[in-house]
Amino acid sequence: MRQASVNRDTLETQIQVTVNLDGTGKTDFNTGVPFLEHMLDQIARHGLIDLSIHANGDNHIDDHHTVEDIGITLGQAIAKAVGDKRGIKRYGHAYVPLDEALSRVVIDLSGRPGLDFNAKFTRAAIGRFDTELVFEFFQGFVNHSQATLHIDNLKGHNSHHQVETIFKAFGRALRMALETDERMAGQLPSTKGAL
């Protein structure tokens, strides 16, 4: 079973994440950041990952630490759940539209953290959610999942749509990368023999 639970406790946040990589998209969120929960739901539903995230953060200051630390902890949980990566497809990609917005996400569960993020959001905030935090979430994720991630918002003028297409495409790409490949027969998808 490709499941994992990770707790992260700092002076700024206390985060608990549980993932099941072979789930059906069930979710349980209590983060204090409603817009992020809406986006996390996209990851779970489109990635077919069961995802439970509970967070207690210093949201009285702003949502930065909570969003970043959820990205970190989710990355740790997925890395733990996927294990040694034998038999997985490793690479995933997706294009997702939402009305006028379109995003492309490409992921490599490479063992090397890297983020190339290209999105010019049309607004600085969606409700109270600072759109700069989208980058912070994914930077935390790649650093702790040890994944290479390319995110491109190709078009869009509604910032909610722009962000949502990114998270939906990320869920779809992650699902593809995590799928097992019967032809790999438990082998590592790397000529190096290590990921």
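Read the figures in this text as sums done on the coordinates, not as results from a lab. In this text, all values refer to a predicted model and were calculated from it rather than measured experimentally. Heads up, the Cβs are rebuilt from the backbone with ideal geometry, glycines too, and the neighbour counts pull from every protein chain shown.
Once the Cβ-Cβ distance between Tyr95 and Ala125 is put in as r, and R0 is 30 Å, what FRET efficiency do you end up with, to the nearest 0.05? For Tyr95 and Ala125, the calculated efficiency is 0.70. Loop-located trypsin sites (Lys or Arg not before Pro) across segment 1-88 with a Cβ neighbour count of 15 or fewer within 10 Å are Lys26, Arg86, with loop assigned by DSSP.
At a threshold of 8 angstrom on Cα-Cα distance, excluding pairs fewer than six apart, so keeping six or more, what relative contact order does segment 52-171 reach in percent? For segment 52-171, the relative contact order is 36 percent. Computing Rg/Rh (Cα atoms, Kirkwood Rh) for the structure here picks out one of (1) 0.93; (2) 0.96; (3) 0.99, namely (2). Couplings 3J(HN,Hα) of segment 31-42, computed from phi: 10, x, 10, x, 5, 4, 4, 4, 6, 4, 4, 5 Hz, in residue order, whole Hz [Karplus 6.51 cos²θ - 1.76 cosθ + 1.60, θ = phi - 60°; x for Gly and Pro].
Paramagnetic label reach from Met184 (point 7 Å along Cα→Cβ; backbone nitrogen cut-off under 17 Å): within segment 80-112, residues 80-94, 106-112. Taking amide H positions as placed in the peptide plane 1.01 Å from N, state which residues far from Gly23 in sequence (5 or more) or on other chains have amide H under 5 Å from it. Correct list: Asp50. With θ taken as phi - 60° and the Karplus curve 6.51 cos²θ - 1.76 cosθ + 1.60 applied, the whole-hertz 3J(HN,Hα) list for segment 80-97 is 5, 5, 6, x, 7, 6, 5, x, 8, 6, 6, 9, x, 8, 7, 10, 9, x Hz, x standing for glycine and proline. The phi torsions of segment 170-182, fed into the Karplus equation with coefficients 6.51, -1.76 and 1.60 and a -60° offset, translate into couplings of 4, x, 5, 5, 4, 4, 4, 5, 7, 4, 7, 10, 4 Hz, rounded to whole numbers, with Gly and Pro shown as x.
From the Cα gyration tensor of segment 58-102, with a ≥ b ≥ c the square roots of its eigenvalues, which class applies: rounded if a/c is under 1.5, or else prolate if a/b is larger than b/c, or else oblate? In terms of gyration-tensor shape, oblate.
Rounded, prolate or oblate: which fits segment 23-96, taking a ≥ b ≥ c as square roots of the Cα gyration tensor eigenvalues, rounded meaning a/c under 1.5, else prolate when a/b beats b/c? Prolate shape, in that a/c is at least 1.5 and a/b is the bigger ratio. Between Lys155 and His64, the modelled labels are 3.5 nm apart [label points 7 Å from Cα along Cα→Cβ]. The distance linking segment 1-34 with segment 142-195 is 18 Å (Cα centroid to Cα centroid, whole angstrom). Proximity of backbone amide H atoms, modeled 1.01 Å from N, is registered between Thr131 and Ala125, Ile126 at under 5 Å, excluding neighbours fewer than 5 places apart on the same chain. For Lys89, the aspartates and glutamates whose Cα comes closer than 17 Å to its Cα, not counting residues fewer than 8 places off in the same chain, are Asp22, Asp108, Glu179, Asp181, Glu182.
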